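Visitor: Okay, handing you the structure first.
The values are calculated or read from the model by the stated rules, or taken from the named source; none is laboratory data. The structure presented is a predicted model; accordingly, all values stated were derived computationally and were not measured. Positions of Cβ are backbone-derived with ideal geometry, glycine not excepted, and every protein chain shown enters the neighbour counts.
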C-alpha cells in the first residue's frame, strides 16, 4: 500500500527523519504571568473634506495564564496638554474586543468620546496601572489628516464600472508609517466565493507608500485565503457586475506598523516590535481611516449613486 | 697587532716554571696569544733543526721535554699547567731533530711549538681555520611524473658523521633548503610515506649553492591504523615558522576519525579545536573566539565559499574524499588574508598522485564517488606539460530514491554536489591549478501541494510552484611560477556565488530570492632574499554583488534590495628570524571599497623561542576590517546568511585584536604539544537588523553596535604514536552592545542593550582521542563539555488586530514576546561520540566500514525552550533536545 506523506506543507517535518529521532525533554519552570496590552485610537475622517467624524478608543488587556482577564486596571490616555481620558472596563469583552473563535477572554476597556476628541498629529501616551501595582506605558503620535484625491463619494457611497480596475489616490500623510486597505466583497457568485460571509481581503504598504492603490487588483496581491483564490483570479480584471465592496483605507502610526509587520524570526513564531513597555508588553497604536462603499453597476443603471470618478487603468 | 718578541718572552716567564728567563716584563695576556704548530719543516741552522739526541721510554711529557732540552741544549719552555695530566711518551729520537722529536712527543695533545728567539716554546696549537657556514643545498622533490611532493622529509648529514643531522620539509611546491652549511660532503636522504626513499651524496663548496632535483618513485606501504605522524612533523615546522600562533590543522585521516553525524565533515570537526564553539548542536556553522559565524573566511583552494553548508547549515558542503587537510587560523592571521575578522579556514583539495584511483562511500545520508587520475603522455606533450593530475567527485543524498516507490508524491528533498580539481606542471616548472565546486539543495513540495489539492478535488494552478533551491558554485584558477630560492609568483582568480530561491506559492505567499556573487583577481609575489627573511606582497581586485528579494513572512529573514561593491586591496608582509631566538612577522593590508573608503590593517607578531627552541612565548596584535557582514540571527538553529555590504547603510566592521601565550613541544621525540593563549578582541561597526525601522527609509534598516570578547585557551596535544589526540579548554566572555530595538525615536532616547551573544560559551572542554585498536580497527572518541549558551526567554500569546472596516477585532494571531535579550542560559552541554573504522585490505583496494555512535550516554542537551500553560493554568517551560543516542554507519571503498 502506498503511503501518503501529507500534512504540513513546511519541510521541517520531512527533514527531521533525516536527523534521526528527536526527543523532547521538559522541565517545569514557574514564570509570572505576562500581561499584554493592546490599545488603539482610531480617527475616522470624511474622505471628501477630512473632517474627523468619530474617535474610537479601546484597550484590550490579557494575561498569559488560565484566567486571562485583567480586571480593575486603571487605563488612561493622556495627550500632550495633560488632558487625560480614562477608559472604562467592560463587563463583557466578547462583543467589542474578543476576536471570533478566540478562547482568550481578556478584559476590554473603552471610552466614549466626542467625534473630534483627539486631533490628527496629537501626541498621546498610554498609562496602565494594574491592581497588583505593575505598570505599563507607551506613546504614539496620531497620523495626519487623510483624504481621498480621486474618489468622489456621496454619503460614503459611489458607483464603479464593472470589469474595470481603478486607481485610488490619497494625500501623503504626515506621521504615517504604513497604509492598510481592507475590503469586503458582497454579491460574488457562488462559483467564485462559496460562503455566507463577505469575502474579506486586505493589503498593506510598509515600505515607501505609493499613496495610491489599484482597485480591486491591489487587494489580491496580498495574502489571499486558500478558498478565495478562484475569486481573486476573477477580481484581477475588476469587479464583476453587481458586487458591492465596503472599503477602508487607513494610515497607521509607527507602533501599529511595527505590530503588524513581519518582525524578527523566532522558532515560536512572529515577534512583533512592542510599543508598550514596563511590567508587560503590547502595542499602543493610532490610525486615521476613511471608508467607502463601492457598487459595481453599469453607468446606465439608475441606482442614484454618484460615479466614483476614479481613474480607470488597464483591465487586463 | 702581534706582540713583540721581547714582550712574549717576558710573558712566558710568568707562566713557565721549568726554564727561567729574563722575561718578567711580559704580560700574561700576550703570552696567551701564542699559538704553536706541529709538522714544521725547520730551517737549516734553526733551533728546531738541532739534533735531539734523545731516546726515552714512557716518561711523563714534562719530564720528556725537560730531558730533550737537556740533551739538545736548546731551551724548551713550557707551562706544566698546559700539559695533559698522565700523558706519557716514549721516543726513539736519537736521529731526529727537535721538530720531529716534538712532533712525536706532542702527538695526541692539543699542543704545538714555536721557535722564538733562543727558545722553542711549547704552546697550544693554532686553531684550524674557522669554517665558513655560508653554503646552501636546496632542491625540489617531485614524483616520477613530476608532481611536486609536499611534506616530504629531507635529512642532511655530513658525510661520515651521523651526529650533525638536519631536517627540512618540502613546501607546497616541493621546495626544501638547508642554509648556513659548512663546505663539504653531505649525505642527503629524502623520503615520504608511500614513496621509495632517495639517497644522494652532495658536495658543496664554501659559499656555494647546490640545487638538486629529486624524483621519488611510488612505493605503496601498508599502513595499519591512523597515520598522522607526518602531521606532527608539520606541527613542528609551523611552530618554527609562524610567529602569530601556529594554525591548527587536521588531515583527512584526522577528520574521519572524529565521529560525525552522518559522515566525515571537515568543517564540523573544527569545533573540537580550542577557541571554536558552535551555537547549534545540529548546525555546522562555527564561531571563533567570540566572533560571529560570518566573520570566518572559508576558502576552498583559495576560493571563498559563501554559506558553505547543506541543509540550511546542518553539515558542510565539503566532501571529505576531496579534502587533503583543513587548517584553521583562529587569530593573528597574516595580511594576505583579508575581508574577515575572526578566522580563516583553509580547505585544501587532494588531487591524488596523478594515477587512476577511485574512492567511494556510502553513509546514511549520501552516496559519493570520486575518481582521480592524470593525463596521457601524448596529451601532456601536446600542451607542453610535464605532469598533470585531477580528481572529480560527486555526492548525492538518496533518501528520495529509496522512499519514492513507497510515497504518493515524491520525497521532497535531495542534495548533491560536484567538485573538480586539476593541477598541471609545465616543463618550465610552473603550476596551473583549477578548482570547481557546485552544490545544490532542493526542497520541492509542489507534489505535496498537488496531492493536497487532489484530496479536496481541486486542481493546483499550473504556475504554482513550492520549491526551495539553493547552493554554491565556485570556480578558481591559479598560475604559480616557483622561484629558485623557494619564493614564487602566483596569479589567481576566482568566481564564487551563492543563490537561494524559496518560492512557496503564487498570490503573495512568502517568497525569498537571495544571491551573492564575488569575482576576484589577484597576484602574490614571495621572495626569500636570505634564509632568515621572507617577504610576500600582493594585489587584488574584487567585485561583489548581492541581491535579495523577499515577500510575506520571509521579509523577516532577508530584506529586499540589491547592492554592489568594487574593492581593491594590497598587502605586504614579512617573516624575519634575526637569530634562532627570535621570529617576527608583520605587515600591512590596505583595502579600498569604492563606497566605503580605504581602511588600513597593520599586523605584527613576535615570537621568542626559549630554552632549546622547543618552547616559545608569542605576542601579536592586529587590526581586521570586514566589509561584508551577515545579519543572520545566530540563535536560530538553522538559517541562511543575510548579507549586507558596507556602504551607505552600514559601516565596515573593524576589530582590534591582541593575543599572546606560551607554547611548545615536550616528551620523547616531541610527541606532545602544549599551549596556553590569552586573547582580547574589540569590535566596532557590528551590524544587525533594525526591526523597528521606518519602512519608508532605507538608511535605518540596520543598526550599528560594538562588541568585545576575551578569554584563554589551553591545549595539550599528542601528535605521534598509536594514541593521538588532544584535550582543550577554552574560556570566553563575549558581549554585544546595540541600541534598543524598539524605542528608537519614541522617547528621543535610544538606550543601549548589552548582552551576551548566542555563541558566548564561557567554558568549553574537548577531549579527542584517536587510537589504533586490534584487528585493524581505528577508534575515535570525542567528549565535549560546554557551559550553557545564552538564550532569550519567550512566551507566545494571542493578539487580535482590529479590522479597519468596522473596528471590530480581527482574526486571532499568535505572536511571541521576548524577554531580556539572551538573559538566561541553557543547561550545560556535554556529549560523548565514538567512531570505529575497520580497515580491510583487499588485493584490489581497501574497504573501510565504519560505525559512529553519537551521544553514547544519551545526554538530553537542550537546543531550545518553549513556554506552555498546562491544564491547571501553571506556566512552564519545555526543552527540546535533538540528537539522542544515534548510531550511524557507512562504508568507504578505495582502489
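Visitor: Only one of (1) modelled with pLDDT of 80 or more; (2) crowded, with 21+ Cβ neighbours inside 10 Å; (3) within 24 Å of residue B:351 (Cβ to Cβ) is not met by residue B:113, so which one is it?
Guide: (3)
Visitor: Could you please find all residues in region A:184-226 being out of contact with any helix residue (DSSP H, G or I) (no Cβ under 8 Å at 6 or more places or on another chain), at pLDDT below 85 and assigned to a loop (DSSP other than H, G, I, E, B)?
Guide: Across region A:184-226, the qualifying residues are A:207, A:208, A:209, A:210, A:211, A:221, A:222, A:225.
Visitor: Under the condition of being in contact with a helix residue (DSSP H, G or I) (Cβ under 9 Å, 6 or more places away or on another chain) and under 30 Å from residue A:199 (Cβ atoms), which residue from region A:272-294 is modelled with the lowest pLDDT? Steps first, answer last, please.
Guide: The first filter runs over region A:272-294 and keeps only residues in contact with a helix residue (DSSP H, G or I) (Cβ under 9 Å, 6 or more places away or on another chain), leaving A:272-276, A:282-287.
Those left that are additionally under 30 Å from residue A:199 (Cβ atoms): A:272, A:283, A:285-287.
Details: A:272: 86, A:283: 90, A:285: 93, A:286: 95, A:287: 94.
Residue satisfying both the conditions and the ranking: A:272.
Visitor: So which residues in region B:389-426 are touching a helix residue (DSSP H, G or I) at 6+ places or on another chain (Cβ under 6 Å) and closer than 22 Å to residue B:322 by Cβ?
Guide: B:393, B:414, B:419
Visitor: Now for a different question. Show the residue pairs meeting these rules: Cβ distance below 8 Å; 6+ apart or different chains; first residue within region B:228-241 and within 21 Å of residue B:178 (Cα to Cα); second residue buried (at least 19 other Cβ atoms within 10 Å of the Cβ) and modelled with pLDDT under 70.
Guide: Short answer, once both residue conditions are applied: B:235/B:246; B:238/B:246; B:239/B:246.
Visitor: Just for region B:55-68: of the residues that are in contact with a helix residue (DSSP H, G or I) (Cβ under 9 Å, 6 or more places away or on another chain) and touching a residue at least 40 places away in the same chain (Cβ under 8 Å), which one is nearest to residue B:113 (Cα to Cα)?
Guide: B:65
Visitor: Filter region B:789-809 down to the residues that are within 44 Å of the chain's Cα centre (by Cα) and more than 7 Å from chain A (Cβ to nearest Cβ), then identify the one that is farthest from residue A:251 (Cα to Cα).
Guide: So, considering only residues that are within 44 Å of the chain's Cα centre (by Cα) and more than 7 Å from chain A (Cβ to nearest Cβ), the one farthest from residue A:251 (Cα to Cα) is B:789.
Visitor: A further question on this structure: Being touching a strand residue (DSSP E or B) at 6+ places or on another chain (Cβ under 7 Å) and at pLDDT below 85 is true for just one of B:40, B:18. Which residue is that?
Guide: Answer to the check: B:18.
Visitor: If I ask for residues that are buried (at least 22 other Cβ atoms within 10 Å of the Cβ) and assigned to a strand (DSSP E or B), which ones from region B:349-361 would you list?
Guide: Scanning region B:349-361 gives B:349, B:359, B:361.
Visitor: Here's a follow-up. Can you name the condition, by its number, that residue B:63 falls short on among (1) crowded, with 17+ Cβ neighbours inside 10 Å; (2) part of a helix (DSSP H, G or I)?
Guide: Failing condition for residue B:63: (1).
Visitor: Working carefully through the options A:250, A:231, find the one that is more than 9 Å from chain B (Cβ to nearest Cβ) and crowded, with 22+ Cβ neighbours inside 10 Å.
Guide: Numbers: A:250 fails: more than 9 Å from chain B (Cβ to nearest Cβ).
On inspection, the qualifying residue turns out to be A:231.
Visitor: Could I ask something else about it? Would you mind finding the one in B:642, B:655 that is within 14 Å of another protein chain (Cβ to nearest Cβ) and in contact (Cβ under 8 Å) with a residue 60 or more places away in the chain?
Guide: Working: B:655 fails: within 14 Å of another protein chain (Cβ to nearest Cβ).
B:642 is the lone residue from the list that is within 14 Å of another protein chain (Cβ to nearest Cβ) and in contact (Cβ under 8 Å) with a residue 60 or more places away in the chain.
Visitor: Something else now. Within region B:296-322, which residues are in contact with a strand residue (DSSP E or B) (Cβ under 6 Å, 6 or more places away or on another chain) and not in a loop (DSSP other than H, G, I, E, B)?
Guide: B:296, B:297, B:298, B:299, B:300, B:303, B:304, B:309, B:310, B:316, B:321, B:322
Visitor: Under the condition of being at pLDDT 80 or above and more than 20 Å from residue B:338 (Cβ to Cβ), which residue from region B:497-511 is surrounded by the most Cβ atoms within 10 Å (Cβ to Cβ)?
Guide: So in region B:497-511, the residues at pLDDT 80 or above come out as B:497-501.
Imposing the further condition that a residue be more than 20 Å from residue B:338 (Cβ to Cβ) reduces the set to B:499-501.
Numbers: B:499: 18, B:500: 20, B:501: 17.
Residue satisfying both the conditions and the ranking: B:500.
Visitor: Please verify whether region B:164-176 includes one or more residues that are under 29 Å from residue B:384 (Cα atoms), surrounded by fewer than 15 Cβ atoms within 10 Å (Cβ to Cβ) and at pLDDT below 85.
Guide: Yes, that holds for at least one residue.
Visitor: Just one of the numbered conditions (1) out of contact with any helix residue (DSSP H, G or I) (no Cβ under 8 Å at 6 or more places or on another chain); (2) surrounded by 21 or more Cβ atoms within 10 Å (Cβ to Cβ); (3) within 14 Å of chain A (Cβ to nearest Cβ) is not true of residue B:364; which one?
Guide: Here residue B:364 clears every test but (2).
Visitor: Do we have residue B:863 as facing chain A (nearest Cβ under 9 Å) and either assigned to a loop (DSSP other than H, G, I, E, B) or buried (at least 17 other Cβ atoms within 10 Å of the Cβ) (or both) here? Don't jump to the end; show me each part of the working.
Guide: Numbers: facing chain A (nearest Cβ under 9 Å): no; either assigned to a loop (DSSP other than H, G, I, E, B) or buried (at least 17 other Cβ atoms within 10 Å of the Cβ) (or both): yes.
So residue B:863 fails the test.
Visitor: Continuing with the same structure: Could you check region B:189-213 and list, in sequence order, the residues that are under 18 Å from residue B:484 (Cβ atoms) and part of a strand (DSSP E or B)?
Guide: Passing the criteria: B:202, B:204, B:209, B:210, B:211, B:212, B:213.
Visitor: Of the residues that sit in region A:20-51 and are more than 21 Å from residue B:796 (Cα to Cα), more than 7 Å from chain B (Cβ to nearest Cβ) and at pLDDT below 85, which one is nearest to the chain's Cα centre (by Cα)?
Guide: The selected residue is A:47.
Visitor: Please go through region A:168-185 and give me each residue that is touching a strand residue (DSSP E or B) at 6+ places or on another chain (Cβ under 8 Å) and within 12 Å of chain B (Cβ to nearest Cβ), ordered by number.
Guide: Initially, region A:168-185 is screened for residues touching a strand residue (DSSP E or B) at 6+ places or on another chain (Cβ under 8 Å), giving A:168-170, A:173, A:175-185.
Passing the criteria: A:173, A:175, A:176, A:177, A:178, A:179, A:180, A:181, A:182, A:183, A:184, A:185.
Visitor: Could you list, in sequence order, all residues of region B:763-786 that are more than 24 Å from the chain's Cα centre (by Cα), under 23 Å from residue B:864 (Cβ atoms) and surrounded by fewer than 18 Cβ atoms within 10 Å (Cβ to Cβ)? Spell out the reasoning first.
Guide: Kept after step one, since they are more than 24 Å from the chain's Cα centre (by Cα), are these residues of region B:763-786: B:772-779, B:785-786.
The next check asks that each one be under 23 Å from residue B:864 (Cβ atoms); those that pass are B:785-786.
Correct list: B:785 only.
Visitor: Next question. Might you let me know whether region A:57-68 holds any residue that is closer than 30 Å to residue A:151 by Cα, at pLDDT 90 or above and within 22 Å of the chain's Cα centre (by Cα)? Show your work before the answer.
Guide: Our first condition is that a residue be closer than 30 Å to residue A:151 by Cα; within region A:57-68, this holds for A:57-58.
Filter once more, keeping what is at pLDDT 90 or above: A:57-58.
Of the ones still in play, those that are also within 22 Å of the chain's Cα centre (by Cα) are A:57-58.
Taking every residue of region A:57-68 in turn, at least one turns out to be closer than 30 Å to residue A:151 by Cα, at pLDDT 90 or above and within 22 Å of the chain's Cα centre (by Cα).
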